[in-house]
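Okay, structure first, notes after.
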Amino acid sequence: MQQEVKHRKCTHCDYQTTYKSIMDRHINSVHFGKKSHKCTLCDYQTARKYYLTDHMNCKHLGIRKYKCNQCDYQAAQKGAFTKHINSVHFSMKEHK
Ligand SMILES: [Zn+2]
Ligand SMILES: [Zn+2]
Ligand SMILES: [Zn+2]
């Protein structure tokens, strides 16, 4: 028997499933859905501090150091910008 059914247990609650995709969805919707980082200046909320910092810089401080030349995306942090390029643009096709 090569295919062994693995039981995945949520690290945040008692939820269990055999499928990773379902577990990911569970964690994202149930646990990461708790957007703990809230902007103090507007209604923006995010589960990641990283995004909140970027939001603050972009929306409220006007710091937009990185502008995508392929879409309207702008970021204040190089990390966020690199991630955008990689996930949005590089995932389509490799650039030569
Ligand atoms: Zn859970
Ligand atoms: Zn805000
Ligand atoms: Zn872009």
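Within a straight-line Cα-Cα reach of under 20 Å, LYS6 can be paired with the following aspartates and glutamates, leaving aside sequence neighbours fewer than 8 residues apart in one chain: ASP14, ASP24. Across the chain, Cα-Cα distances exceeding 21 Å account for 55% of all pairs. A helix-only calculation puts the chain at -5500 deg cm²/dmol for mean residue ellipticity at 222 nm, using -39500 (n - 2.57) for each DSSP H run of at least four residues, averaged over all residues.
Regarding region 37-89, what is the average projected area of its C-alpha convex hull, in nm²? Working shown, then result.
On the way: hull surface 14.4 nm².
The directionally averaged projection comes out at 3.6 nm².
Descending by average beta-carbon neighbour count within 10 Å, the peptides 45-58, 18-31 line up as 45-58, 18-31, the highest first. Projecting label points 7 angstrom from Cα along Cα→Cβ for HIS12 and CYS39 puts them 2.3 nm apart. Please arrange LYS6, LYS83 by counting, for each residue, the other beta carbons lying within 10 Å of its beta carbon, fewest first. Ordered from fewest to most neighbouring Cβ atoms within 10 Å, LYS6, LYS83 come out as LYS6, LYS83.
We did not get these values from a lab; they are worked out from the coordinates using the rules stated. For clarity, every value in this text was computed on a predicted model and none was experimentally measured. All Cβ positions, glycine included, derive from the backbone under ideal geometry; neighbour counts span all protein chains shown.
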